Amino acid sequence: MGFTTGFFCLLACACGPTPGTGSAGSTAGSTAGPDTTAGPGTTTGIPEPTTSVGTEPGTTADSSEATSEPSGEPTDTGDPSDTGDTASTTEQGSDSDTEGTCPEPMALDLDFELMPSPAKVDEECLVAAIDHDVDAFTLTLNCVQQSFSLWVASSELQPPGLAGIGEEVHLSYVQAEGEIGIEQWLAIRHDRHAGIDKTVLGLVSAARLDPPQTTLNEFFVSPEVAISDGLCAPEDTPCGQTERVGLRFSEAFGEAVVLDQQVGYYGVDFVSQSLAVVEAALVHPFNNCDEPTMTRFAFGIGFVFTGP
């Protein structure tokens, strides 16, 4: 009988709970002043799309599991498919059930300049040089009509993966006079990764998401970008309420909502991920003053290749 009791005890003890997994937060840094002088890997198949919620690269999570810890980690709540028509970049989400749960803002700075900077550029180019500086980098692009130097200041963004020296890319750039000054939209697209034409380096600084006479989704091609509101409680100002909102970045390999003044990853696969650095995503829907609107979007996206 002692043998029988011991045998059943051994079977019971062999079964136990399966350990869980966790995720880490994101970090941010500072910027450096402009430097005005200008100097691969294969995939193993396309995995099922995943949804990232602004975790460290290589980690994913269900977007319905939101957190409210003030660690700087972006919060993505609700069913990602329940966001309306993402083809319109100005359509806002319906995440009002998460109001007031947003994390504390991070100290993020982002700046960029295309030199020279005509009103519009839409050209095929070759990457001629990549120069690194502290918290900044400069790309020299030899395009069909002329050469350009793109300076980017950010401790988070890096030169786009797979778009190295000698690679062919497509440069799109638009600037326009806006209510708060010169507004800029820039995209460097590349189609080498899995044959998908996508923006591997994108930059926006404007009081609106959409460039003139087009939409940001047409401008970027991939990813799609949409506003996700209701993540933070509105704040009262003398000129009306303002609200920190999130930006939902969606592409074939996944999506994520990255809140104002946060950093997050989306589109994570086996050998790459895409990074979003949102310095500002602030909406001011009703302006009660003659002052310029406080609505502002300033963010950058970059493709990070981690394969062999």
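The values are calculated or read from the model by the stated rules, or taken from the named source; none is laboratory data. This structure is a prediction, so every number in the text was calculated from the model and none was measured. Glycine also receives a Cβ, built like all others from the backbone with ideal geometry; neighbour counts cover every protein chain displayed. These area figures cover heavy atoms from the full protein model, side chains too; ligands, DNA and RNA do not enter into them. Shrake-Rupley method; radii C 1.70, N 1.55, O 1.52, S 1.80 Å.
Brief remarks follow.
- The listed residues are 172, 222, and the only one of them that is within 13 Å of the chain's Cα centre (by Cα) and among the hydroxyl-bearing types (Ser, Thr, Tyr) turns out to be 222.
- In the set 226, 276, only one residue is within 20 Å of residue 106 (Cβ to Cβ), modelled with pLDDT of 90 or more and part of a strand (DSSP E or B); that residue is 276.
- In the range 281-295, the condition of being of a type in the set (D, E, K, R) and farther than 18 Å from residue 183 by Cβ is met by at least one residue.
- When 97, 109 are checked against the criterion of being of a type outside the set (Val, Ile, Thr) and either crowded, with 16+ Cβ neighbours inside 10 Å or modelled with pLDDT of 95 or more (or both), a single residue qualifies: 109.
- The range 271-308 - residue that is among the small types (Gly, Ala, Ser) and out of contact with any Phe, Trp or Tyr (no Cβ under 9 Å at 6 or more places or on another chain) and, of those, farthest from residue 185 (Cα to Cα): 302
- Top-ranked residue in the range 294-308 [being modelled with pLDDT under 90 and outside any strand (DSSP E or B); ranked as most open to solvent (accessible area, probe 1.4 Å)]: 308
- Within the range 155-208, being β-branched (Val, Ile, Thr), closer than 14 Å to residue 223 by Cα and surrounded by fewer than 23 Cβ atoms within 10 Å (Cβ to Cβ) holds for one residue alone: 196.
- Top-ranked residue of the range 249-270 - restricted to ones that are touching a Phe, Trp or Tyr at 6+ places or on another chain (Cβ under 9 Å) and either of a type in the set (Phe, Trp, Tyr) or open to solvent by 10 Å² or more (accessible area, probe 1.4 Å) (or both), ranked as farthest from residue 227 (Cα to Cα): 269
- For the range 225-248, taking the residues that are of a type in the set (D, E, K, R) and under 19 Å from residue 298 (Cβ atoms), the one that is most open to solvent (accessible area, probe 1.4 Å) is identified as 235.
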